[in-house]
């Protein structure tokens, strides 16, 4: 005694959504401080790598049996020091750019 009932319904919905885009404000002073901090850290890294290179150079003179190993470590440390110095140089330029943009916005 079950009856089947078929119902067809058509629904049309028209929804309009308006979203106001918020203008994103960029904090250039915060960016400048960030790049300054990175510049200082990479400068310290360059000094540490340079000091390690000098340390290995001294060890190469003191330990003639393992001089080759110390020379290799010295050269690797010197390359690292130059690379990190380049990153510090780059961060200095990024800091200058952020400072310029900060002055332009004000």
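Values quoted throughout were computed directly from the atomic coordinates according to the rules given, and no laboratory measurement underlies them. Source: prediction; values computed, not measured. Note: ideal-geometry Cβ built from the backbone for every residue, glycine included; neighbour counts use all protein chains shown.
A few comments on the model shown:
- By the count of other C-beta atoms within 10 Å, a proxy for reagent exposure, 25, 13, 80 are ordered fewest to most as 13, 25, 80.
- Cα gyration tensor category, rounded, prolate or oblate, for the stretch 28-105 with a/c compared to 1.5: prolate
- Taking the fewest neighbouring Cβ atoms within 10 Å as the starting point, the ordered list for 94, 10 is 10, 94.
- Computed helical MRE - 222 nm, the chain, DSSP H runs ≥ 4 contributing -39500 (n - 2.57), nearest 500: -25500 deg cm²/dmol
- Neighbour counting of Cβ atoms within 10 Å sorts the residues 6, 59, fewest neighbours leading, into 6, 59.
- The long axis of helix 67-105 is offset from the longest Cα principal axis of the chain by roughly 50 degrees.
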